[in-house]
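J.: Following this message is one structure expressed as C-alpha cells.
Only the coordinates and a few stated rules stand behind these numbers; no lab work does. Fair warning: this is a prediction, and the values are worked out from it, not measured in the lab. All Cβ positions, even for glycine, are placed from backbone atoms using ideal geometry, and neighbour counts span all protein chains on display.
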Amino acid sequence: MMKVLVLAVTLALSAGVAIAQVEGPRQTDALVGVSAKGDQIPAISDIRIKVNGKEEKLTGWSQVPASGVQVAILIDEGLRQSIGTELNSLQAFTKELPEGAQIYVGYMRNGTVFTAQSFTTDHGAAAASFRLPLGSPGISGSPYFCLSEFVKHWPADGSRPGARFVLMVTNGVDPYNGSTSILNQDSPYVEAAIRDAQRAGVAVSSIYFGNAGFRGERASFSGQSYLTQVADGTGGHALYQGTGNPVSLAPLLSEFRKTISETYVASFVISGSDKKLQRVQAETSLHKVKLSAPQSVRPGNLEGISAE
C-alpha cells in the first residue's frame with residue numbers, strides 16, 4: 001500500500017513539473033508588418049511589445065528573409081466566372097515572388113481546401129495550377145470553415161519551416177451566420193477562424209471578389225467587414241477597391257507582395273499555457289510608421305524562418 005502511495009505521489013509531482021514546464025516562460029514569435037512613409041527602417045529599440053497590457057522585452061527583431069516565407073493562396077470555388085480574366089495576374093504574381101519562397105495553391109470548397117499545388121519553390125508549377133473556380137453558389141460552404149481547417153492542418157509535405165502567410169480570394173460572406181445585415185456582423189465562425197490562425201502564427205490577408213450566389217451592397221459590406229476582422233486579428237491586410245470587384249487584381253497582388261517584404265519577426269519571452277491565447281500589441285516610437293500585428297499570440301509559437 002505504501003509503495004502504491006509513493007508511486008502515486010511521484011507521478012503527481014512529475015505531472016506537476018510537466019505542467020509547470022508548459023506554462024513557464026517561453027520564447028514566442030509574432031509576425032509584425034511595417035508600413036513606413038520614407039526609408040525608415042525600425043530597429044529593435046524602436047519597437048515595443050505589450051502582452052496583456054504589460055510591456056515585454058524584445059529578444060529579437062529581424063526582417064523575414066525573402067526566401068524564408070510560405071505563401072498559401074486560397075481561392076473560393078464560388079467566385080464568379082469573371083475571375084477568369086485575372087488568372088494571368090495570379091500567375092504573374094506567383095512567378096514574381098522571390099526565389100526560394102514556397103507557394104501553395106488551393107481551392108476552398110465544402111468547408112475545406114482542395115490542393116491544386118502543394119508547397120513548392122517551383123513558381124512556374126504553382127502558376128500553372130491556377131484554374132477557373134467552379135462558380136457554383138455556396139459551394140465553398142464558408143471561407144472561414146476552410147481557413148480554420150487549413151491553418152490547423154498546415155500542409156507539411158514537401159515544405160520547410162517559414163513565416164506563414166495566407167491570401168484568400170473570396171467574397172468573405174459567412175452563409176452560416178444568417179443575414180448579411182449591418183446589424184449582424186458578429187460571426188462565431190469568423191472569430192473561430194481568427195483564433196485558429198493566431199494559434200498557428202499565420203498572417204491572413206484577402207482580396208475581395210464577388211461570389212456567384214451573393215450579390216448587392218449588403219453582401220459586399222458583410223463580406224468585406226468579415227475579411228477586415230480576420231486581417232486585423234491576424235496581422236494581415238484586407239485588400240479591395242470599393243464595394244465591387246476590383247478592376248484588376250494586379251495592384252492588389254503587388255500590395256500583398258510588398259507587405260510580405262515588409263514583415264518582421266518580433267521575439268519575446270512570455271509565460272502561460274500554450275492552450276490559451278495572450279493579447280498582444282505592437283507599438284513604435286517612429287513617426288509615419290504603422291505596424292500591423294496579430295491581436296493575440298500563442299505562448300511558445302515560433303516562426304520557423306529559413307533563408308536557404
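J.: At most 12 other Cβ atoms within 10 Å and a DSSP loop assignment: could you name the trypsin sites (Lys or Arg not before Pro) in region 231-308 that fit?
T.: Numbers: sites: Arg257, Lys258, Lys275, Lys276, Arg279, Lys288, Lys290; in loops: Lys275, Lys276, Lys288.
For trypsin sites (Lys or Arg not before Pro) across region 231-308 that sit outside H, G, I, E and B with at most 12 neighbouring Cβ atoms in 10 Å, the list reads Lys275, Lys276, Lys288.
J.: Another question, then. Using 7 Å Cα-to-Cβ label points, what is the Gln27/Glu191 separation (nm, one decimal)?
T.: A separation of 3.5 nm, rounded to one decimal place.
J.: So, R0 is 35 Å and r is the distance between the beta-carbons of Lys276 and Ser62; what FRET efficiency does that work out to, to 0.05? Show your work: numbers first, answer last.
T.: Working: r = 27 Å, r/R0 = 0.76.
Calculated value: 0.85.
J.: How much length, in nm to one decimal, is gained on full extension between Ala92 and Thr115, taken as 0.36 nm per residue of separation minus their Cα-Cα distance?
T.: In short, 6.3 nm is gained.
J.: Gln81 to Ser136: extension gain in nm, 0.36 nm per residue of separation minus the Cα-Cα distance?
T.: On the way: separation 55, 0.36 × 55 = 19.80 nm, distance 0.95 nm.
Gain in length upon complete extension: 18.9 nm.
J.: Spin-label point model (7 Å from Cα, Cβ direction): what's the Glu55 to Gln241 distance in nm?
T.: Output for this residue pair reads 4.3 nm.
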